[in-house]
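Remarks on the structure that follows.
None of the figures in this text is laboratory data; all of them are computed from the coordinates on show. Keep in mind that what you see is a predicted model, and the values were worked out from it rather than measured. Cβ placement follows ideal geometry from the backbone for every residue including glycine, while neighbour counts extend to all protein chains displayed.
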Amino acid sequence: MADTMAAPAKVAITLTVNGEQRTGQVEPRTLLVHFLREGLGLTGAHVGCDTSQCGSCVVELNGASVKSCTVLAVQADGAEVLTIEGLGRDGAYHPIQEGFWEKHGLQCGYCTPGMIMSAYGLLKRNPDPSEDEIRHALDGNLCRCTGYQNIVRSIQYAAQLMKDGPTAPVATSAD
Ligand code: FES
Ligand code: FES
């Protein structure tokens, strides 16, 4: 019997990812997170659910935080994408990554890239967030390990670090 299930035609897309122009061929149904992970080898954005709830896939798309499992790769054609891999510079951690390191904001780490990217979006909009504002900004990010307290501390630490600048001393007292 003839096979009637022809493979879907692929579409060429070009986007800027972490400052570099990248191209690919994707099926129209390919999700952005799958293109980033499987097409570009950027495996920092994780897939933690199939219900758009966990937030482990958060990236920036044209400067806005998005769950990359809710966006088709073809919708990102021509766009600018920032992933967790693009945050650090010259081998140094971004202050938010430093915050998670310093304040033990992770256990298994599965949610961490999404948490950090959501925190990045928050601190861009609001460099001095209250604890409530941090918790509200993380509404769309689930962590099954930490209880969130150290994640909030990590973001508070990062906010202070970003305010003080890279050479300013940072309080490291135990919590
Ligand atoms: Fe869970 Fe995207 S993979 S929200
Ligand atoms: Fe394990 Fe958040 S650190 S899911």
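Using the Kyte-Doolittle scale, which helices in the chain average at least -1.0 and also have C-alpha atoms spread 18 Å or more along the helix axis, with helices defined as whole DSSP H runs?
Length and hydropathy pass: 112-125, 149-164.
Could you please report the charge total around Arg22, scoring K, R as +1 and D, E as -1 over all other residues with beta-carbon less than 14 angstrom from its beta-carbon?
-4
Quick one: if the Förster radius is 30 Å, what FRET efficiency do Glu131 and Gln75 give, using the C-beta to C-beta distance and rounding to 0.05?
With R0 = 30 Å, the Cβ-Cβ based efficiency is 0.30.
Which order do the peptides 136-144, 122-130, 104-112 take when ranked by the mean count of other beta-carbon atoms within 10 Å per residue, highest first?
104-112, 136-144, 122-130
Taking a cut-off of 30 Å between Cα atoms, list the lysines near Lys10, but don't count ones fewer than 8 places away on the same chain.
Within the straight-line cut-off, Lys10 pairs with Lys67.
For segment 23-115, would you read off the P(r) tail past 16 Å as a percentage of all alpha carbon pairs?
Roughly 55 percent, once rounded to a whole number.
Using a 7 Å offset from the Cα along the Cα-to-Cβ direction at both Val47 and Met5, what is the distance between the two label points in nm, to one decimal?
If labels sit at Val47 and Met5, their model points lie 1.7 nm apart.
Can you list the aspartates and glutamates whose alpha carbon sits under 18 Å from that of Lys124, skipping same-chain ones fewer than 8 residues off?
Qualifying aspartates and glutamates at Cα under 18 Å: Glu60, Glu80, Glu85, Glu98, Asp132, Glu133, Asp139, Asp164.
So for segment 73-115, Kirkwood radius off the Cα pairs, Stokes-Einstein at 10 °C and 1.306 mPa s: how many µm² s⁻¹?
131
Output needed for the chain: three equivalent-ellipsoid semi-axes, defined as square roots of 5 times the C-alpha gyration tensor eigenvalues, in descending order, whole Å.
So the three semi-axes of the chain are 34, 17, 13 Å.
Given the peptides 38-49, 55-66, arrange them by the average over their residues of other C-beta atoms within 10 Å, most packed first.
Top to bottom by mean Cβ count within 10 Å: 55-66, 38-49.
Once you order the gyration tensor axes a ≥ b ≥ c over the Cα atoms, which shape class does segment 12-73 get: rounded for a/c under 1.5, otherwise prolate or oblate by comparing a/b with b/c?
The shape class here is prolate.
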